[in-house]
Amino acid sequence: MAKKKVSKTELKDAVVIGIQEKKGIDIKVLDLRKLKSAMADYFIVCHATSDKQVSAIASSVEEFVRKLTGEKPMHIEGWESAEWILIDYFDVVVHIFVEEKRAFYGIEDLWGDAEITEIKD
């Protein structure tokens with residue numbers, strides 16, 4: 001039996017639920033679909049107060065995406081230090097930072113031409 005194709009919107013929504021489950025802070029969805037230089041359709045960015053919370057959020061994202069969509073990440077980086085974990089679902093890329101690293105790297109500023117949606121708690 002063929003696997004059902006999951007929409008990018010379903011995937012994006014499952015990621016946000018996973019982040020909210022572990023109290024991710026300042027969740028933003030960057031819609032990159034209209035940008036020619038973008039390597040994904042969406043970046044989802046949030047931060048946490050500690051490396052432990054970053055890891056917990058990343059685990060929650062994986063769990064909720066798998067449970068709600070059946071999708072597994074193509075690639076994950078950053079588990080070692082847990083200051084910035086990147087979870088790559090190809091069309092949707094998740095960036096989970098500790099607060100200081102988020103401010104330093106400024107993902108939202110780098111992709112300032114994107115349509116940015118703030119997710120309220």
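For the pair segment 93-121 / segment 1-71, the C-alpha centres are spaced 13 Å from each other. Modelled spin-label separation between residue 75 and residue 33, with each label point placed 7 Å from Cα along the Cα-to-Cβ direction: 2.4 nm. Computed extension length for residue 51-residue 99: 16.3 nm, one decimal, from 0.36 nm per residue of separation with the Cα-Cα distance subtracted. Computed over the Cα atoms of the chain, pair by distinct pair, the Kirkwood hydrodynamic radius stands at 14.2 angstrom. This model, with +1 at the C-beta of Lys and Arg and -1 at the C-beta of Asp and Glu, gives the chain a dipole about its Cα centre of some 580 debye. Straight Cα distances below 30 angstrom link residue 5 to the lysines 22, 23, 28, 34, 36, 67, 72, 120, with same-chain residues fewer than 8 positions distant left out. Each peptide in 41-49, 101-109, 17-25 was scored by the mean count of other Cβ atoms within 10 Å over its residues; highest first, the order is 41-49, 17-25, 101-109. With a simple spin-label model that places each label point 7 Å from the Cα along the Cα-to-Cβ direction, the separation between residue 10 and residue 90 comes to 1.4 nm. Neighbour counting of Cβ atoms within 10 Å sorts the residues 84, 79, fewest neighbours leading, into 79, 84.
Bear in mind these aren't lab numbers, they're just calculated from the coordinates by the rules spelled out. Model, not experiment: these values are computed from the prediction. Please note: Cβ atoms are built from the backbone with ideal geometry, for glycine as well, and neighbour counts cover all protein chains shown.
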